[in-house]
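First up is the structure itself, then whatever we jot down about it.
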Amino acid sequence: MDFQISPSQRELIDATEKLCNQLLPLAKETRQADTPEALNTLRKTMAENGLLGLNMPAEYGGMGLPLLDTLLLLQTIQKVDSTLCGLSHRTSTGAVGAVLELGSAAQKEKYVGGIVRGELGLSIGITEPEAGSAATAMKTRARIEGDEIVINGQKTFITAARDNHATLLYCRFGTTGKASDIGAVILPHDAPGLTISPGMINMAGERQYELFMSDCRIPRENVLIDGDAFGKLISVYNSERLGSISRMLGSAQASFEYALQYIKERQQFGQALADFQGLQWMVADMKVKLEAAQLLTWRAAANTAAGLPSPLETSVAKVYVAQAAKEICDDAIQLLGGYGYMTEYPVEGRYREVRGGSIYGGTMQVHKNMIAGHVLERRNSQWKRKEKA
């Protein structure tokens, strides 16, 4: 078992960081412009430079990297800039993975190829107002009518819905109310009967949207998988979870490195902050958490050679990284003192980037339930038991 980054991986990481720093002005311009045209320019530029579809097959124009290498690069890109990494993540370990694993040849060519080339963006729609952690309680329903699918329902917290071209939509094809009803469709954002809300801005500065489907009609060919598929969809979704985890690691690493440099330069009481033992212990704790978080994430990625990520190892990494990233970023704010609290300094923004990691992709509490279920070898259902008559 080798815990070291190989020379070729180090070379790839260094080249990616250099490239992202070159693209940083364009990323900032894209945020300031906040227009579809600006985002499309950034998307195309990243595609031309090999920053999209990191783990997608070469036959669709992707880089064909192993999952571990992909996560190393996502962490690197996030350390430089969240906007750049958001696009890399969503075109690599995002919803596109489900199309690659479960889609038809035509769907793969259109969506995987289009996403990797920077021509299309794909969101994911799972959560509903009354179905958050209890994802299988979703009510959005797809009904087959001839050559069309008719969809009714509502989704919430959909990232980049206004910027992307379609959403991978989890929905029910049956009426039993069981998880076996659940499948997925690819919902184009210009479909008749679809309304996208103006959106809300989350702590990290990303806009998230609601989707409303009222007799929304899409071609039947847009069905990804039509039922008894929740387990398959979530198995693929574990790769997306690992991508999100790597983004948290990138933000935590950036906070740690910035705070480290700051306390070496900042003087108080006639000496550098780095000379105070109390702060040295904080730095040591931050380093330990960062290293442990990385190793747990790398293990989950490295053990996917024969298939998709292990649910247990993914949950273990998710729980630890979400907590460690918050603590590292919070300590970085503390090390900067009053400056850490100011928006002109980057560490407060990094905390806002990682805070959502305890919620999205399954809350920490839900993942702890899943971990306990694996360890205790029992089904930890959270559903309220029906009272006996």
Inset, instruction - Would you point out the residue of the stretch 120-139, among those that are touching a residue at least 12 places away in the same chain (Cβ under 8 Å) and open to solvent by less than 30 Å² (accessible area, probe 1.4 Å), that is farthest from Asp215 (Cα to Cα)? - result: Gly121
Legend entry - Qualifying strands (runs of 3 or more DSSP E) (wholly inside the stretch 140-189; at least 3 residues being buried (at least 17 other Cβ atoms within 10 Å of the Cβ) and under 26 Å from the mean Cα position of the chain (by Cα)): 148-159, 166-172, 182-188
Inset, instruction - Return the residue satisfying two criteria in turn: it lies in the stretch 190-220 and is assigned to a loop (DSSP other than H, G, I, E, B) and acidic (Asp, Glu), and of such residues it is farthest from Ala106 (Cα to Cα). - result: Glu206
Inset, instruction - Provide a single number: the residues in the stretch 119-139 that are in a loop (DSSP other than H, G, I, E, B), under 14 Å from Leu233 (Cβ atoms) and not β-branched (Val, Ile, Thr). - result: 1
Legend entry - Some residue of the stretch 204-218 being out of contact with any strand residue (DSSP E or B) (no Cβ under 9 Å at 6 or more places or on another chain) and more than 19 Å from Leu122 (Cβ to Cβ): yes
Inset, instruction - Kindly check whether there is at least one residue in the stretch 47-55 that is of a type in the set (Asp, Glu), surrounded by fewer than 19 Cβ atoms within 10 Å (Cβ to Cβ), touching a residue at least 60 places away in the same chain (Cβ under 8 Å) and touching a Ser or Thr at 6+ places or on another chain (Cβ under 9 Å). - result: no
Legend entry - Condition check for Thr195: modelled with pLDDT of 95 or more and β-branched (Val, Ile, Thr): yes
Legend entry - Matching option when the condition is closer than 18 Å to Val236 by Cβ, touching a residue at least 12 places away in the same chain (Cβ under 8 Å) and surrounded by fewer than 21 Cβ atoms within 10 Å (Cβ to Cβ), among Glu109, Glu101: Glu101
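The values are calculated or read from the model by the stated rules, or taken from the named source; none is laboratory data. Since we're looking at a predicted model, the values are computed, not measured. When we count neighbours, we look across all protein chains shown, and the Cβ atoms used for this are built from the backbone with ideal geometry, even at glycine. The accessibility values were calculated without ligands, DNA or RNA, using every heavy atom of the protein model including side chains. Shrake-Rupley method; radii C 1.70, N 1.55, O 1.52, S 1.80 Å.
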